[in-house]
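The values are calculated or read from the model by the stated rules, or taken from the named source; none is laboratory data. Note that this is a predicted model, so its numbers are computed, not measured. No Cβ is skipped: glycine too gets one built from the backbone with ideal geometry, and neighbour counts run over all protein chains shown.
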Amino acid sequence: MRPTFINVLLSDSNDLPSSPGRPAVSLSLAGCATKPANDASLKTSFAEEEPHHKPFKASDPIDMEPTKWAGAELETRETGDTGGPHHLVGRTLEVSSLHDLKLSDKEVILSFDDGPAPGKTERILSTLDKFGVKATFMMVGEMAEAHPATARKVFADGDTIGSHTFRHPDLDKMSFDMAMAEIARGEHAVAKVIGTDVSFFRFPYLADSKRLRTAVAMRDLVVMDVDIDSKDYFNSKPSAVVTRTMDQLHKRGRGIILMHDIHQRTATMLPTLLARLESEGYKVVTLKYKGTFAPATNLIAQASLRVLR
Ligand SMILES: [Zn+2]
């Protein structure tokens, strides 16, 4: 069964999804998961069915240069206590399809989208290391090509890597063939940079379709959905990101947490978030891809054999 999405629209009215002087870029950043609604009354919590995750109207600007995303913020530092020993690391979950991606209560998967971004990604890696946990990095192909050393550092650190298209477009606004070409280009770019296949994929803006999801699964890619959106793309204080994430987690009890390693506030708040998770007894699950044992072609071959008999 398809995991439930969380669809909290502008639950923090103090969070402004833009920074002065870069409205188009900020909108794009905000839209990685959901576009913030103008109507603050839309405080939906959990969407049982198809989420309202289509972020843009046709007239909304989309920044097509993810490489410009990094460095769009001023650095703010906030230190968290990362003293050990730590007991945050959980089990390793091997999956070959979305159906295998099932978490137990108090289990989370940490995921970081849109990078790699030099400086910020390394800071995040360092925090993960201090707590002894691994995360999944959904890299934009163009970013991986622009920052190959950082991408390789993530891989060398033992974290899980997925792709997130080449240029982070809204695939739902493209033709099917164009969308699949974007997905393939992103996948190949990331794989080439890190030197191995990438088997996880996340839709930019979570803007998918049934047809695209099926086609992605046929490429042996596991689609990473989102259960808990940290909304770290809002221009809010790092501590607000922690509070927002934990509030959602308390309601849900488990889930895949969406963050972005292109934001300084994310790197800043991560020690605090991990300390909170640890103190509340959560475990961070490491995600690994397990190759499909019986591909669909085998099933077709078996069916043909049966017909021949
Ligand atoms: Zn994204």
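Observations on the model:
- Residue, farthest from the ligand (Cβ to nearest atom), within the range 126-135, restricted to residues that are in contact with a strand residue (DSSP E or B) (Cβ under 9 Å, 6 or more places away or on another chain) and not in a loop (DSSP other than H, G, I, E, B): Phe131
- Tally, over the range 252-269, of residues that are within 12 Å of Arg123 (Cβ to Cβ), touching a strand residue (DSSP E or B) at 6+ places or on another chain (Cβ under 8 Å) and part of a helix (DSSP H, G or I): 1
- Considering only residues in the range 104-122 that are buried (at least 20 other Cβ atoms within 10 Å of the Cβ) and either in a loop (DSSP other than H, G, I, E, B) or modelled with pLDDT under 95 (or both), the one that is nearest to the ligand (Cβ to nearest atom) turns out to be Asp114.
Here is a yes/no grid of residues against (1) farther than 19 Å from Ser199 by Cβ; (2) of a type in the set (A, V, I, L, M, F, W, C); (3) touching a Cys at 6+ places or on another chain (Cβ under 9 Å); (4) surrounded by 21 or more Cβ atoms within 10 Å (Cβ to Cβ):
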residue	(1), (2), (3), (4)
Ile124	yes, yes, no, yes
Val140	no, yes, no, yes
Ala146	yes, yes, no, no
Ala151	no, yes, no, yes
Ala156	no, yes, no, no
Phe166	no, yes, no, yes
Asp177	yes, no, no, no
Ile183	no, yes, no, yes
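- Hey, Ala146 more than 15 Å from the ligand (Cβ to nearest atom) and free of Cβ contacts under 8 Å to residues at least 40 places away in the same chain or not: no
- Residues that are touching a residue at least 40 places away in the same chain (Cβ under 8 Å) and in a loop (DSSP other than H, G, I, E, B), drawn from the range 151-172: His164, Arg167, His168, Pro169, Asp170
- Inside the range 95-118, residues that are more than 22 Å from Thr245 (Cβ to Cβ) and touching a strand residue (DSSP E or B) at 6+ places or on another chain (Cβ under 8 Å) make up a count of 5.
- Taking the range 173-188 as the range and being within 16 Å of the ligand (Cβ to nearest atom), closer than 15 Å to Phe201 by Cβ and in contact (Cβ under 8 Å) with a residue 24 or more places away in the chain as the test, the residues that pass are Ala179, Ile183, Arg185, Gly186, Glu187.
- Considering Lys106, Lys120, the condition of being touching a residue at least 60 places away in the same chain (Cβ under 8 Å) and closer than 24 Å to Gly253 by Cα is satisfied by Lys106 alone.
- Flag if Tyr233 is surrounded by 22 or more Cβ atoms within 10 Å (Cβ to Cβ), touching a residue at least 60 places away in the same chain (Cβ under 8 Å) and in contact with a Gly (Cβ under 7 Å, 6 or more places away or on another chain): no
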